[in-house]
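The values are calculated or read from the model by the stated rules, or taken from the named source; none is laboratory data. Remember, predicted model here, so these are calculated numbers, not experimental data. Backbone-built Cβ (ideal geometry, glycine too); neighbour counts: all protein chains shown.
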Amino acid sequence: MHIRLLLAFVVSSVSLHGISIAERRTENMDVDHWAELQKGIAMSHLLDNVGDSGRYAKNVNAGCIIASPSNNVPNYYFQWVRDSALTMMTVIDRFLEGDHGLESIIVKYMDEMVRLQKVNNPSGDFYSGGLGEPKFHTDGSSFDEDWGRPQNDSPALRAMAFIRYLNYRFDHGTEAHEVVPYIEALLADLDYTVGIWAQPGFDLWEEIKDVHYFTLTVQKTALQEGAAFAKRVGAWDQSTLYAETIHPIDLKLGEFWDHEKGIIRGYKNIPNRSGLDCSVLLASLYSKEFDTHTLPTLRKLQESMTQAYPINQGHKQLIGRYLEDVYDGVSSSIGNPWFLCTHSAAEVVYKAIQYYDSYGLPELTSHNVQFFVYFAEFGDPYNWPLIRKNLIKYADKFLQDAAEFQHPNGSMSEQISRFDGQQVGALDLTWSYSSLLNAIYRREAIKHTV
Ligand code: NOJ
Ligand code: NOJ
């Protein structure tokens, strides 16, 4: 016991002087083994933030998912509609794979969302814009202070979560009339989406009012899934309406391709921003399609961040939201890498591998040739087995690099200081865990196919 205490002291005091201990911990880490362990560890941290059973979420509404237990500097002790929907999609995926114990929290979440939709808030009421409200108190009351609102990715993501679960229920014998409140709720989110997709709203980072690549992408996905779902429940007119809205959104999305830079931009033209933004990677993860410009875009983002963040030492791959970010996790100074961005970078590469396994490599163009030549070790850019092997290494490195900065118990805040690697920003950010789980399960899916 004494020895253990002593050891703990030595470890923590040494780690104050840098990241050497953490580095040693993960240096020779077998990624397969580590990923296997993380499934349980990350899930248990995630569930700590789920009301009202989670360790940090006892005094909140059932089904409320707190963004983080941090209730001061920064105060993230709220439920964000976006964070909650993304987290629940991760939970629903585990449920669909057979973890049936998760069903009660999924249902509680859905009940809480049905309630929230009816809460009048600064964006409006149920019929007049209230569905675009980004965040609520943990008791389900409206958050009435100034905020970037509306955030129109939120209802689309919420509808996607509902559809994922309800489709399962229908496949297993439930009939539409048994789940009417949920159906009404998700159709309301989709109707809202049809009405507002072309209007400017705040982005997922809650900073800029405009139309955004991420928001449009998830709106499109929600309407694609919604069109099929509406048909399933006999809502023919709505199904047609949703299906008809997809094409115009698609046209708009095309405007984000920056031919000159060879990147998909997160936004159109914002002064002092290059357009390179990790939200483009997140968009890809919630899209039914795979845009072949995604990987070259990721590579440019990663290379610039590898250079920009001192903690990357010119070779690590920690990823932040966007280079010009000044949000330090509490207030404005200088931006840092984020766990969820780094995990999502890994996941997007696994998703690309899934895609290229099925459809083959894309035509080489001036925009992607460099990318594929590099991953073919400057040989034949159509050598898929070699490229695939190197892409897995590339993707795994995002996870390994982020893992170095986890606390020994696997806990993760929002950000990693670009200077010294300390965790900064909201502690135990729910999204840090769900993004890691998504990456790990996507990795497993491709590892098993070859
Ligand atoms: C500014 C950040 O950039 C944004 O993402 C965050 O949501 C708000 N501050 C509130 O913390
Ligand atoms: C700030 C992030 O930018 C935003 O995407 C998120 O919803 C909130 N924090 C809460 O986690």
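Being touching a residue at least 12 places away in the same chain (Cβ under 8 Å), surrounded by fewer than 19 Cβ atoms within 10 Å (Cβ to Cβ) and not polar (S, T, N, Q) is the filter here, so list the residues in region 266-285 that pass it.
Hits for region 266-285 are Lys268, Ile270, Arg273.
When residues of region 138-162 are filtered for being crowded, with 24+ Cβ neighbours inside 10 Å and not acidic (Asp, Glu), how many remain?
Counting residues in region 138-162 that are crowded, with 24+ Cβ neighbours inside 10 Å and not acidic (Asp, Glu) gives 12.
Would you check if Leu46 is among the aliphatic types (A, V, I, L, M), assigned by the TED database to the domain that holds Arg149, within 14 Å of ligand 2 (Cβ to nearest atom) and out of contact with any Lys or Arg (no Cβ under 8 Å at 6 or more places or on another chain)?
No.
Kindly list, by first and then second residue, each pair from a residue in region 288-303 that is under 20 Å from Lys220 (Cβ atoms) to a residue that is outside any helix (DSSP H, G or I), limited to pairs with Cβ atoms under 6 Å and residues at least 6 apart or on different chains.
Note: pairs meeting the criteria are Thr292/Pro362; His293/Ile264; Thr297/Ile263; Thr297/Ile264.
Kindly provide the set of residues from region 421-450 that are away from ligand 2 (no atom under 16 Å from the Cβ) and under 18 Å from Arg321 (Cα atoms), ordered by number.
Result: Gly421, Gln422, Ala439.
Can you go through Lys220, Lys135 and tell me which one is within 16 Å of ligand 1 (Cβ to nearest atom), of a type in the set (D, E, K, R), within 28 Å of Arg94 (Cα to Cα) and buried (at least 20 other Cβ atoms within 10 Å of the Cβ)?
Being within 16 Å of ligand 1 (Cβ to nearest atom), of a type in the set (D, E, K, R), within 28 Å of Arg94 (Cα to Cα) and buried (at least 20 other Cβ atoms within 10 Å of the Cβ) holds for just one of Lys220, Lys135, which is Lys135.
Residues Ser68, Ser84: which one is buried (at least 21 other Cβ atoms within 10 Å of the Cβ), under 19 Å from the mean Cα position of the chain (by Cα) and either at pLDDT below 95 or in a loop (DSSP other than H, G, I, E, B) (or both)?
From the options Ser68, Ser84, the qualifying one is Ser68.
Please pick out the residue among Gln415, Gln400 that is closer than 19 Å to Ala346 by Cβ and touching a strand residue (DSSP E or B) at 6+ places or on another chain (Cβ under 6 Å).
Going through Gln415, Gln400 in turn, the sole match is Gln415.
Restricting attention to region 131-185, report how many residues are polar (S, T, N, Q) and part of a helix (DSSP H, G or I).
Final tally of qualifying residues: 2.
Filter region 304-343 down to residues that are away from ligand 2 (no atom under 14 Å from the Cβ) and among the hydroxyl-bearing types (Ser, Thr, Tyr) and give me whichever is farthest from the chain's Cα centre (by Cα).
Ser333
For region 419-450: of the residues being part of a helix (DSSP H, G or I) and of a type in the set (Val, Ile, Thr), which is farthest from Leu399 (Cα to Cα)?
Here the answer is Thr430.
What residue, of Gly201, Gly173, is away from ligand 2 (no atom under 16 Å from the Cβ) and of a type in the set (Gly, Ala, Ser)?
Going through Gly201, Gly173 in turn, just one is away from ligand 2 (no atom under 16 Å from the Cβ) and of a type in the set (Gly, Ala, Ser): Gly173.
Consider Leu241 carefully, then state whether it is outside the structural domain of Ser432 (by the TED database), without any contact (Cβ under 8 Å) to a residue 24 or more places away in the chain and of a type in the set (A, V, I, L, M).
So Leu241 does not fit the description; no.
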